Amino acid sequence: MSELSLLIEPSTALPADRIDALTAGLADDLRTVRGLRITYAQSPADGHGKSQQAWELGMLVVGGLFSATTMRALAQIAIAYADRIKARSIMLRSGDNELVITGATRVDPQLVDQLAGLLAGPSATTTGSTTAALAGPTGNGVSTGS
């Protein structure tokens, strides 16, 4: 089963408890999507002295059924959330592949295709490690690179 990591990237430095609260808010929003399983990123070792939620601040792991409808809903939630909290971006990561979403990103077929490519893994991309940034005033600007 495929999994994505979602990482909130605040526009300014925030205290750990604020990042933890923002992450919990995004997790709550994502839990409204049927078929997704949302968990907090956890360390591989126990006894690190931090809560599981604070271990990797701002990071969630999303798994489940990734249909085109689910991916569109996930993108819409991430975009709305980034805009609402004025985050710099929310990074979606699967292996070495990344997709960066901002509040200015537009949900369109190209974005859904990029999400599908992200979930498909390195064999679905030509470079193996692609970062697609969909941002800017129109939300249409796409740049790829490693």
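Taking only the Cα atoms of the range 3-120, how large is their convex hull per residue, in Å³?
Details: hull volume 11.7 nm³, N = 118.
Convex hull of Cα atoms, per residue: 99 Å³.
Report, to the nearest whole %, how much of the accessible area of the range 3-120 belongs to carbon and sulfur atoms, 1.4 Å probe, protein only.
Working: 2930 of 5720 Å².
The nonpolar share, carbon plus sulfur, comes to 51 percent.
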_Per residue, in Å², the accessible surface of the range 3-120 once ligands and nucleic acids are set aside, probe 1.4 Å_ = 48
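The values are calculated or read from the model by the stated rules, or taken from the named source; none is laboratory data. Here the structure is a predicted model, which is why all the values come from computation and not from measurement. These area figures cover heavy atoms from the full protein model, side chains too; ligands, DNA and RNA do not enter into them. Shrake-Rupley method; radii C 1.70, N 1.55, O 1.52, S 1.80 Å.
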